[in-house]
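Notes to accompany the following structure.
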Amino acid sequence: MRSDSVKARLLLAVAAGSTVSAAGAAENLTRAQASDSIFRLCRSLQLPADIKRIRADRKTYSQAAANVLREARSDLRGGLRREMKERLRLRSLDELTIGHVSTLTASAVLAAGITEVGLAEIQEWLVKNGSSLKRSGPSTLEDTKRARRAMYLLDAFGLDVSNAKSALLRTS
C-alpha cells in the first residue's frame, strides 16, 4: 500500500501530461501499480479516475493533489493512519498531527498495539518532518528485546551501534 503523497505525485504527473507508465517509473512503480494508485486517490477525492478527464481538467486534479501533499499525514500509509486513529484513541484523523504523535514514546506506541514496522514508519515520518517520538528508554523487558534485535540488525549491516550497546547495557 502506498502513501497518499505518492498517489498525489502520480496524479500531478499525469495531470501535467506524463504517461501513467512514466509517472509510475518515477516512483518505482509498475504501470498497473501507478494506475491503481491514481484510481484509489481519485475515488477518495470523489473525482472520476479517467485519464482523459484528468488531463482535460488539469487544474481541478492538480489542486486536489496539491491539497493532499500539504497534509503531513499524507506521507503515512492509509492503513497505518487508520490503525493509529483506532489504537491511539484519536477522535478523528485531524488529531493525527506531528505535534501530538511526538509526545508519545516508542513504548507507548507499541503498548497501544502498533507493530514494530508501524513504529518505524511513524518515526521515519516524524523525522522527515523535523520531529521525533519522545525520547525514552525501553519500559518493558519486551521493549528491551525489540531494541536489542534492532541494534543487532543494524550491526549486521555494518553500522556503528556502540552507543546503542552501551545504552542498552545501562537499561538491563
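The values are calculated or read from the model by the stated rules, or taken from the named source; none is laboratory data. Note that the structure is a prediction, hence the values are computed from the model and not measured. Heads up, the Cβs are rebuilt from the backbone with ideal geometry, glycines too, and the neighbour counts pull from every protein chain shown.
Quick check: anything in the stretch 143-162 modelled with pLDDT under 90 and either under 17 Å from T103 (Cβ atoms) or surrounded by fewer than 11 Cβ atoms within 10 Å (Cβ to Cβ) (or both)?
No, the conditions are met nowhere in the stretch 143-162.
When R82 is evaluated against the numbered criteria (1) surrounded by 14 or more Cβ atoms within 10 Å (Cβ to Cβ); (2) under 17 Å from the mean Cα position of the chain (by Cα); (3) more than 20 Å from G130 (Cβ to Cβ), which criterion, by number, is the only one it fails?
Of everything listed in (1) surrounded by 14 or more Cβ atoms within 10 Å (Cβ to Cβ); (2) under 17 Å from the mean Cα position of the chain (by Cα); (3) more than 20 Å from G130 (Cβ to Cβ), R82 misses just condition (1).
Which of the following residues is of a type in the set (A, V, I, L, M) and modelled with pLDDT of 95 or more: L133, L69, L88, L96?
Every option except L133 fails the conditions.
When G99 is evaluated against the numbered criteria (1) assigned to a helix (DSSP H, G or I); (2) farther than 16 Å from K85 by Cα, which criterion, by number, is the only one it fails?
(2)
Is there any pair linking a residue in the stretch 30-49 that is surrounded by fewer than 14 Cβ atoms within 10 Å (Cβ to Cβ) to one that is part of a helix (DSSP H, G or I) and of a type in the set (D, E, K, R), with Cβ under 9 Å and at least six apart or on different chains, and which?
Correct list of pairs: S44/D4; S44/K7.
Based on what the data block shows, is S74 at pLDDT 95 or above and either β-branched (V, I, T) or under 15 Å from R2 (Cα atoms) (or both)?
no
Considering only residues that are in a helix (DSSP H, G or I) and exposed (fewer than 15 other Cβ atoms within 10 Å of the Cβ), look in the stretch 112-131 and name the one that is farthest from the chain's Cα centre (by Cα).
Within the stretch 112-131, the match that is farthest from the chain's Cα centre (by Cα) is E116.
Between L153, L126, which is aliphatic (A, V, I, L, M) and free of Cβ contacts under 8 Å to residues at least 12 places away in the same chain?
L153
For the stretch 1-42, give me each residue that is among the charged types (D, E, K, R) and over 18 Å from E71 (Cα atoms).
Once the filter is applied, which keeps residues that are among the charged types (D, E, K, R) and over 18 Å from E71 (Cα atoms), the stretch 1-42 yields E27, R31, D36.
Being within 21 Å of R73 (Cβ to Cβ), among the hydroxyl-bearing types (S, T, Y) and out of contact with any helix residue (DSSP H, G or I) (no Cβ under 7 Å at 6 or more places or on another chain) is the filter here, so list the residues in the stretch 1-52 that pass it.
S44
Please pick out the residue among G17, G24 that is assigned to a loop (DSSP other than H, G, I, E, B) and out of contact with any His (no Cβ under 7 Å at 6 or more places or on another chain).
G17
Can we say R55 is part of a helix (DSSP H, G or I) and surrounded by fewer than 19 Cβ atoms within 10 Å (Cβ to Cβ)?
It is true that R55 is part of a helix (DSSP H, G or I) and surrounded by fewer than 19 Cβ atoms within 10 Å (Cβ to Cβ).
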